[in-house]
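The values are calculated or read from the model by the stated rules, or taken from the named source; none is laboratory data. Since the model is a prediction, treat every value here as computed from it, not as a measurement. Virtual Cβ from ideal backbone geometry, glycine too; neighbours counted across all protein chains shown.
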């Protein structure tokens, strides 16, 4: 085998790399690189034509410099020249360079594509491969347009070499993934399928990858691949470990190809042809059998390769979900791995078993491993493995083992990692509810949850227990007794107080007979917690108290005393104060009958999808559906407890407060219907109950279905910062997160603008119900007109849609419009509100002006509301060029030779709106010593239209300048104390100011030059 | 786990070899693909070390021989080495 000498053939390059590696400091490295760049530049520019070798060497050096992280802005042409060399080494470097440093320069692209075209036609397999690899690595749309039609031809041509076929298949795959529309299906597809029969295993490997990708969108075109894949797989699986020679890896025949074939088969349902199916089942059995054989090697490579095939086989078995025998065998195999000493295997086994648990055939088999899994939950060292164990317990839970699993999970919760506690809490809450046979167990479980992990019990969980207790009268007495006992603990979690307060307020009468829990005892127990609780809990307790007055008239005097106390009636919190006042009045004014009606027991809650389940799904994110989706499993046990039937005895007048605990899945009671009966005035009191407030906001789903301006959420916290980026720029990326990228391109002329918004889906999953809308808060409607075009409601994974906005500035405005984007990603609603980068200065037209005119106008603008001034500390070094660029980007003209001090900047422009035009002059005075800049603006109604007085406009404009700093990066961290040190109220001309700036004292002298 | 992908890595002395694949891809298969690749490098450079990779960075085409367009292209070490030897002999 060849031993490659260091930098063989290119001594200069090896020397250069050594030099760089020997550099002691970053500075030395940069120095060395700059020297080299100068050298290369002079060589490339020199008169003497370089030979191929030198060109190759220098291009290679440039590439190395680029890989070190430096920008390379020349040498592209030389690299392109190398492409047409006849020598492999030169061509290879050329291709490498352009693959890494693709330049969208259209002239070069044409030359590059030309060179590729020549190589593809060259019939030299080495050159053809180089060209194909380059296309596959770059994968740009331009290349797709140029070559998508040629590559299928090369792929299926009879005379193509094997290595070329391999490269062509994967090259086509890349182009298809990048731009599927450019790769038309055709008669070549049938011939691609037959590549599965190819002699050369490498060609088969590449072809399987291509087919697996193509068949997902065009399953019918590739249907025939199933039988071919089965026979190929069968041949590999049944071969002896030495039959395949080159393709045997640590005694395992063609592991990667086997895995790929098994994955391809997972794109289709089980084969219909009995013979094919029989053969496939035989293969799958063989793999399972082999897992039981003693290993042929002790090397980890051997077992990894073997198990890679095994896990993929199990995935296929689970995918088919039709062979009970195989499913059970798979489960047993995984069971063995659960106790394997390799952590990786234990992890993978737990993960695969999760999917097995959801099959009705293997659910029972999975359950037999419960003890091992519980043990894993207790003893695994790696948190990710414990997490899988918890997932699996959740998946294997049914009525028979729910009590055991729930109690184990509760025990685990005490020591669980903080990161997964909330998820475990949700899972326990769901399982407890779903599989509860007697509800006292359910109540105990949830109260235990609150006791053990109160901080991680979300609202959904404790709302839910209240719903269930309210809806089932057989458990109410038990619940009251249990919470009463739980509250006796010296320290109990606030969530426990909430649940306790609510339940005793509703059902405290059921335990009042016992002298140990008589009404006064219940009250004093609750009230002993009152002072330690948050406002929301105290508000809830006040509601409990008023309910007590109704339930237990004997407590009335005590409770009225509490309500009357100054700490309640004059509470600083308006909610508490209002409740105390209203409840006190209610209890003194209303007759017993009215009280009884108003404070009647809560009606049963309408049954809806469990909000906890919805929360767990949200937490897991899209794609986690399989483990949670239990629709496939055991349909009989499915909804045994899901539907908690409302008990007819407790039905009472429907009132809006029935939605008090309306969980997120329910629409908010937007406008309470006019209630009937005596409760008229008081209904509102209850519908304001803070217990309900968290759940009352428009649910994401509901709001999503009917977007209206009132439903728009507040802009995201970064909205202002994102907006600031666009004050001096018109194009760029407005927003980006893991799912979505929003790009902006805009142009403005006079008072009109057009903006293109590009929404890019960064995931591989389609966005649904995609709807971006523009909203004008406040007065903006009359100030700015924005016309939007609708966009398609679906955005495919990796795709981008464009939206055009036509903007007209009607008059001056302060706040930018809001852009609200809503869509569904994997079933979960997403919404996002941003500030649209339209600020008043976009309609600023530069105006040239002579020095004399400038001064004259400046002097005219002397009214206080006609000027705004600001000093601010520069956050960056003050570079004249950068500042200039920013001022131009801001929209004004820069006037040279106006200010006597050449350091200062002077600008002028006109703000164009439909109603009027406003002239605006500005001046920026940098003070390099103090790193402080000073800016002053004066505005004027140059041409008043429609009788609009100019002054208010200028005032607005000045305010605009305060709110929208034109130089965001200079002013951002300006301390408020000096923000308006030199405000218009101060007489500025001719005096000096001393003020603190960022803790330093600096002296600013205003030299009158007017 | 990395965004919507997962990263499979293996460490050889001071060097980490990482592959970023889809979440539902076969972990073990890619773990061994890394090892297969490293064995090829080792043969090709005769006891490969980090310096070999730095000084011969422009020979990354070795990667193209085994992985292309995000997929496994060739898994036979013999075939890959034969091809590399052939390319080596070209001027």
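Summary table
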read-out	value
Where a residue in segment A:310-330 is on the phi > 0 side of the Ramachandran plot and its partner, wherever it lies, is assigned to a helix (DSSP H, G or I), with Cβ under 8 Å and at least six apart	A:321/A:327
Selection within segment A:810-834 - in contact with a strand residue (DSSP E or B) (Cβ under 6 Å, 6 or more places away or on another chain) and closer than 21 Å to residue A:889 by Cα	A:813, A:816, A:817
Lone unmet requirement of (1) part of a helix (DSSP H, G or I); (2) more than 14 Å from chain B (Cβ to nearest Cβ); (3) farther than 16 Å from residue A:59 by Cβ; (4) touching a helix residue (DSSP H, G or I) at 6+ places or on another chain (Cβ under 6 Å) for residue A:166	(2)
Among (1) more than 31 Å from the chain's Cα centre (by Cα); (2) in contact (Cβ under 8 Å) with a residue 12 or more places away in the chain, the one test that residue A:396 misses	(1)
Residue match in segment A:146-162 (condition: touching a helix residue (DSSP H, G or I) at 6+ places or on another chain (Cβ under 7 Å), within 12 Å of chain B (Cβ to nearest Cβ), touching a residue at least 24 places away in the same chain (Cβ under 8 Å) and not in a helix (DSSP H, G or I))	yes
Some residue of segment A:540-563 being more than 23 Å from residue A:500 (Cα to Cα), assigned to a helix (DSSP H, G or I) and in contact with a helix residue (DSSP H, G or I) (Cβ under 7 Å, 6 or more places away or on another chain)	no
Sole residue being within 17 Å of residue A:584 (Cβ to Cβ) and free of Cβ contacts under 8 Å to residues at least 24 places away in the same chain, chosen from A:513, A:566	A:566
Residue ranges of strands (runs of 3 or more DSSP E) in segment A:737-802 with at least 3 members touching a helix residue (DSSP H, G or I) at 6+ places or on another chain (Cβ under 8 Å)	none
Those residues of segment B:60-78 which are crowded, with 20+ Cβ neighbours inside 10 Å and over 20 Å from residue A:137 (Cα atoms), in sequence order	B:76
Every residue from segment A:470-510 that is assigned to a helix (DSSP H, G or I), more than 16 Å from residue A:522 (Cβ to Cβ) and without any contact (Cβ under 8 Å) to a residue 40 or more places away in the chain	A:474, A:475
Scope segment B:47-91; condition in contact (Cβ under 8 Å) with a residue 40 or more places away in the chain, part of a helix (DSSP H, G or I) and facing another protein chain (nearest Cβ under 7 Å); matching residues	B:81
Single residue of segment A:234-245 satisfying the filter (within 22 Å of residue A:295 (Cβ to Cβ) and assigned to a helix (DSSP H, G or I)) that is farthest from the other protein chains (Cβ to nearest Cβ)	A:238
Which listed residue, of A:118, A:114, A:124, is within 12 Å of another protein chain (Cβ to nearest Cβ), over 35 Å from the mean Cα position of the chain (by Cα) and at pLDDT 90 or above	A:124
Hits in segment A:184-231 - residues which are within 14 Å of another protein chain (Cβ to nearest Cβ), over 22 Å from residue B:79 (Cα atoms) and either surrounded by 19 or more Cβ atoms within 10 Å (Cβ to Cβ) or without any contact (Cβ under 8 Å) to a residue 12 or more places away in the chain (or both)	A:211, A:212, A:213, A:214
Search result, residues across segment A:749-764 that are modelled with pLDDT under 85 and crowded, with 17+ Cβ neighbours inside 10 Å	A:751, A:763
Residue count, segment A:363-391 (criterion: more than 20 Å from residue A:449 (Cα to Cα) and assigned to a helix (DSSP H, G or I))	16
Residue match in segment A:97-109 (condition: part of a helix (DSSP H, G or I) and over 43 Å from the mean Cα position of the chain (by Cα))	no
Members of segment A:334-362 found to be crowded, with 22+ Cβ neighbours inside 10 Å, away from chain B (no Cβ under 13 Å) and within 24 Å of residue A:253 (Cα to Cα), listed by number	A:334
Residue B:57, sole failed condition from (1) more than 27 Å from residue A:178 (Cβ to Cβ); (2) surrounded by fewer than 20 Cβ atoms within 10 Å (Cβ to Cβ)	(1)
Subset tally (residues that are more than 9 Å from every other protein chain (Cβ to nearest Cβ) and either within 19 Å of residue A:97 (Cα to Cα) or free of Cβ contacts under 8 Å to residues at least 24 places away in the same chain (or both)) for segment B:17-46	7
Where residue B:20 falls short, out of the listed (1) within 30 Å of residue A:11 (Cβ to Cβ); (2) surrounded by fewer than 17 Cβ atoms within 10 Å (Cβ to Cβ)	(1)
Breaking point among (1) at pLDDT 90 or above; (2) facing another protein chain (nearest Cβ under 10 Å); (3) within 19 Å of residue A:115 (Cβ to Cβ), for residue A:99	(1)
Condition met for residue A:294 (free of Cβ contacts under 8 Å to residues at least 24 places away in the same chain and either exposed (fewer than 14 other Cβ atoms within 10 Å of the Cβ) or out of contact with any helix residue (DSSP H, G or I) (no Cβ under 9 Å at 6 or more places or on another chain) (or both))	yes
Residue in segment A:255-270 that is more than 37 Å from the chain's Cα centre (by Cα), touching a residue at least 24 places away in the same chain (Cβ under 8 Å) and either facing chain B (nearest Cβ under 9 Å) or assigned to a helix (DSSP H, G or I) (or both) present	no
Conditions (1) over 24 Å from residue A:727 (Cβ atoms); (2) in a loop (DSSP other than H, G, I, E, B): number failed by residue A:855	(2)
